[in-house]
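Report on one structure; see the data block that follows.
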Amino acid sequence: MRMRLLAALRREGPATASQLAERFGESSGSTSYHLRQLAAHGFVEDAPGHGKGRERWWQAVHEGTGFDGSLIHDADPATSGAAAVFLQTVAANHAQEVSAWISEAQERLGRWERGADLSDFTLRLTPGQSEELVGRLHDLVNTYRGLPETEGTRTVRVHTHVLPGPASE
């Protein structure tokens, strides 16, 4: 739930716990609790200039979340287990997002058809080459951040998955 709330704030902008509760079919008490937990760890904060009276608006602090992949191999089982749960949740969220996109693609692509992509590639790389590829992909995506909005601008989601196969491949 926390990851979904954070993603919604990043994509759609500031919102109240009640608005998010309605969007996700949760109680406002539940979303409020999760938002406070996200705030305690520096992921969300109060959104200045929104709301009236006691209405509390929240906004994401960062545009994205980085993850240290080495945590999956941490000696502490609690840490490695939490890292695995986090990665499984990210993967499930990506799969759900792609599935929803496919379900709606026929009715909403229109002139965006060539600007959408669902591809996969198989490459043979060394660990260093793979790290370079990831870095270059991130650098390229980041060049599109902050572009001025013009007519026809939409939010575009970019997922990258660079997944090394087993050592025997």
Solvent-accessible area per residue for the chain (1.4 angstrom probe, square angstrom): 76
FRET efficiency for TRP101 and SER18, using Cβ-Cβ distance with R0 set to 25 Å, rounded to 0.05: 0.35
Cα convex hull volume per residue for the chain (Å³): 175
The chain - percent relative contact order, Cα under 8 Å, separation 6 or more: 15
Convex hull (Cα only) mean projected area of region 107-169, reported in nm² to one decimal: 6.0
Carbon and sulfur %, accessible surface of the chain computed with the full protein complex present, 1.4 Å: 51
FRET efficiency estimate (nearest 0.05) - Cβ-Cβ, VAL85 to ARG136, R0 30 angstrom: 0.55
Label-to-label distance, nm, for residues given as GLU149 and ARG114 (7 Å Cα→Cβ offset): 2.6
Along each principal axis, Cα extent of region 33-84, largest first, Å: 48, 21, 12
Region 1-90: radius of gyration over Cα atoms, expressed as a fraction of 2.2 N^0.38 Å: 1.21
Residue (of TRP112, HIS34, ALA95) at the positive-pole extreme of the chain, dipole from beta-carbon charges: HIS34
Most to least accessible of ILE102, ILE72 (protein chains only, probe 1.4 Å): ILE102, ILE72
HIS41 accessible area, assembled protein chains, probe 1.4 Å, Å²: 130
Ranking by accessible area, most exposed first, for THR150, THR16, THR122 with a 1.4 Å probe: THR122, THR150, THR16
Residues ALA7 and LEU163, FRET efficiency given R0 of 22 Å [Cβ-Cβ distance, rounded to 0.05]: 0.55
Under 5 Å, built H, 5+ apart or other chain: amide partners of THR16: TRP58
Degrees separating the helix 77-108 axis from the principal Cα axis of the chain, which is the longest one: 80
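The values are calculated or read from the model by the stated rules, or taken from the named source; none is laboratory data. Quick caveat, the model's predicted, so the values are computed rather than measured. Counting neighbours? That spans all protein chains shown, and the Cβs are built from the backbone with ideal geometry, glycine included. For accessibility, only protein heavy atoms count, side chains too; no ligands or nucleic acids. Shrake-Rupley method; radii C 1.70, N 1.55, O 1.52, S 1.80 Å.
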